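Following: one structure in structure tokens, then a few remarks.
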Amino acid sequence: MLLRPDVTPSEVDDACASAVESGLAAVTVWPADVPSAAAATGGSPVTVVAAVSGPDRTAAAYPMLDEARRAIQAGARHLAVALDPRAILGEDAAELARQLQALCRIAHAEGVHVRAVLQAPLALAAHTAAPQQAPLAPAVVGGGGLAWMRVGAPEASPSATELAEAGRLAVEAGADLLQTGFGVWGRATLEQVRAVRRALPSRHAAIGVIAGGAEDANAARHLLERAGADRVAVLDPSLYREQGVVLRTYKLGEADRIVVLLTQGEGKVRAVAKGVRKTKSRFGGRLEPFSHVDLSLYRGRELDIITQVEVVDPFRFLRDDYDRVVAGTAMLEAVDQVAQEREAAVRIFLLLVRALRALDGDPRDPAVVLDAFLLKLMALEGYRPVLAECAACGRHAELRAFSAVRGGALCASCRNGGESLLDPGTVPLLSHLLGEDLDQAAATQPRAAARREAANVVKSYVEYHLDRRLRSYPLVNR
């Protein structure tokens, strides 16, 4: 989060305050953000780590050294440097070692520690320049700091030999700490930590080894007690990744937008997409209603912040047809009313995705798919209508009426003046829509009379239990 190219001062302040409150060992920021981080963590045990450019065989060391000097002067007490384990086995090892040695001399003269992170590729690019090639996702370094790495199939993990050689080079150059990796796509293993620990010469036995990532407290304890790690890098609890469906959006300020999503594990989430309304927004049109997306988010004090988004399914065909759009909008509206913020809603999420997928296909009647979805949604919420027998007396008789108040279909004996007489095919149609798969509902073509009556029954039943009207439902073409 803190090493995003577009990170804001307020995000730095919030993350540093969270680090202090959570008791994290360190927080890693861009060199330009060191003054803010130092002020926000002042008086606490949290160490400010500056992520400086690492050794590069294709460039002179001077930019890296100047960057390090400025970060130290601003208050950084650690420097984090990425060292590619594969690069050090080639003919460039001597040049990389020379650059790293120069960096360590500058840091140690000021009492600052150097942490060598034995992993590549990392996009520790300039604070002001966003990488243009592949999308990025947040990663965390030891002590709660963050970096950015490319999304997709991760590179193969360095071998034990490569890690050992990189560790030797780093400590011979003067590094004070070694870390096996950043720990997002691949968690640290016992073998990796042991390989780095065994590779240390006896005169460097006091060098700290950080395990690059653990899934939970038990895994962290395992790495500390059995692998010989001195610390374990953990994911910042404020960062999380989710799949979600965009329910609605509305404007915020001049360029931002608040996005309301139904996520699989977090339930309903309200998050800010910063700069999404700008012409050159990195989000593009990916955060529009109906989109099924994969997101990286940062927990804010009031609203979460979307840092990364990729489209899983845009449902393009749904968007091209008015009847499907209206039916889909009614689905999103109903889910928005039912789902609770920060309460897991896995079954509702999966139902919504299946329903949107059915609409995106070639349904004979989008309105029928909508009615099937709403009945299933009510069933998930604990309001499954009784359709196999009379909801009042329980007899298996001909059911020609329906009562939302009494919870389902009624026989002639239990029907009073408040329920109208239904078409003989209406209750069987409702039972079919509730019990069958949404794809089968999309292929259903009921008689017009039964379809219209079923729609009225579904509308009254849903609005009775939601205790509010669905504004988009009357627009659905019947």
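No value in this document is a laboratory result; all are computed from the given coordinates. The shown structure was predicted, so the numbers you read here are calculated from the model rather than taken from an experiment. Note: ideal-geometry Cβ built from the backbone for every residue, glycine included; neighbour counts use all protein chains shown.
I'd like the FRET efficiency for residue 270 and residue 44, computed as 1/(1 + (r/R0)^6) with the beta carbon distance as r and R0 of 25 Å, rounded to 0.05. Write down the numbers at each step before the final one.
Numbers: r = 30 Å, r/R0 = 1.22.
Efficiency at R0 = 25 Å is approximately 0.25.
Rounded, prolate or oblate: which fits region 225-367, taking a ≥ b ≥ c as square roots of the Cα gyration tensor eigenvalues, rounded meaning a/c under 1.5, else prolate when a/b beats b/c?
Prolate, since a/c reaches 1.5 and a/b exceeds b/c.
Which of the three applies to region 346-475, rounded, prolate or oblate, going by the alpha-carbon gyration tensor with a ≥ b ≥ c and a/c under 1.5 meaning rounded? Each step should come with its number before you reach the end.
Details: a/c = 1.77, a/b = 1.53, b/c = 1.16.
Note, shape of region 346-475 comes out prolate.
Given H placed on each backbone N at 1.01 Å, which residues far from residue 54 in sequence or on other chains put an amide H within less than 5 Å of it?
Placed amide hydrogens put 82 under 5 Å from residue 54.
Each residue of region 7-12 in turn: what ³J(HN,Hα) in whole Hz from Karplus with 6.51, -1.76, 1.60 and θ = phi - 60°, glycine and Pro shown as x?
4, 9, x, 5, 5, 4
Can you put 96, 239, 223, 421 in order of Cβ neighbours within 10 angstrom, beginning with the fewest?
Result, fewest neighbours first: 421, 239, 96, 223.
Taking H as built 1.01 Å from N, whose amide H comes closer than 5 Å to the amide H of residue 247, not counting residues under 5 places away?
Placed amide hydrogens put 260, 261, 262 under 5 Å from residue 247.
Assuming 0.36 nm per residue, please report the length gained on full extension of the stretch residue 316 to residue 447 beyond their Cα-Cα distance. Let's see the in-between values first.
Numbers: separation 131, 0.36 × 131 = 47.16 nm, distance 2.92 nm.
Full-extension gain reported as 44.2 nm.
Quick one: net charge of residue 289's neighbours, Cβ under 12 Å, K/R +1, D/E -1? The partial results should precede the final answer.
Working: positive: 248, 257, 286, 319; negative: 288, 333, 336.
With Lys, Arg at +1 and Asp, Glu at -1, the net is +1.
Could you tally the net charge around residue 41, taking each other residue with its Cβ under 14 Å from the Cβ of residue 41, Lys/Arg +1 and Asp/Glu -1?
Details: positive: 77; negative: 13, 14, 21, 33.
Result for the local shell: -3.
Can you work out the Karplus-derived ³J(HN,Hα) for every residue in region 271-286? Use 6.51 cos²θ - 1.76 cosθ + 1.60 with θ = phi - 60°, whole Hz, and x for glycine or proline.
Values, residue by residue: 9, 9, 9, 6, x, 5, 8, 6, 4, 9, 4, 5, 7, x, x, 7 Hz.
Once label points are set 7 Å from the Cα along Cα→Cβ at both residue 416 and residue 159, what is their separation, rounded to one decimal in nm?
Placing both labels 7 Å along Cα→Cβ, they lie 8.2 nm apart.
For a quick check: sort 431, 10 by the number of other beta carbons within 10 angstrom, fewest at the front. Write out the running numbers ahead of the final one.
On the way: 431 16, 10 11.
Lowest count first: 10, 431.
Quick one: what Rg and Dmax do you get for region 378-434 from the alpha carbons, in Å?
Just the Cα atoms of region 378-434 yield Rg and Dmax of 10.5, 30 Å.
Please give every one of the lysines within straight-line cross-link reach of residue 268, meaning a C-alpha to C-alpha distance under 20 Å, and leave out same-chain neighbours fewer than 8 residues apart.
Reachable lysines: 251, 376.
Could you state the number of Å between the C-alpha centres of region 300-374 and region 407-460?
Distance between centres, Cα-based: 23 Å.
For region 346-475, build the charge dipole from Cβ charges (+1 Lys, Arg; -1 Asp, Glu) around the Cα centre, then report which of 431, 409, 462 sits farthest towards its positive end.
Among 431, 409, 462, the one farthest towards the positive end of the dipole of region 346-475 is 462.
Kindly list the residues of region 412-451 that lie in the label zone of residue 460, defined by a backbone N under 11 Å from the point 7 Å along the Cα-to-C-beta vector.
Zone members listed by number: 416-422.
Can you give me the long-range amide H partners of residue 402? Hydrogens built in the peptide plane at 1.01 Å from N, cutoff under 5 Å, separation of 5 or more residues or another chain.
Those qualifying (amide H under 5 Å, at least 5 residues apart or on another chain) are 410, 420.
Could you put 473, 464 in order, starting from the residue whose Cβ has the fewest other Cβ atoms within 10 Å? Working shown, then result.
Working: 473 22, 464 15.
Listed from fewest to most nearby Cβ atoms, that is 464, 473.
Going 7 Å from the Cα of residue 393 along its beta-carbon direction, which residues of region 400-436 have the amide nitrogen within less than 18 Å of the resulting point?
The answer is 400-403, 406-422, whose backbone nitrogens lie closer than 18 Å to the label point.
How much length is gained on full extension from residue 337 to residue 279, taking 0.36 nm per residue of separation minus their Cα-Cα distance? Please list the in-between numbers first.
Working: separation 58, 0.36 × 58 = 20.88 nm, distance 3.19 nm.
Value of the extension gain: 17.7 nm.
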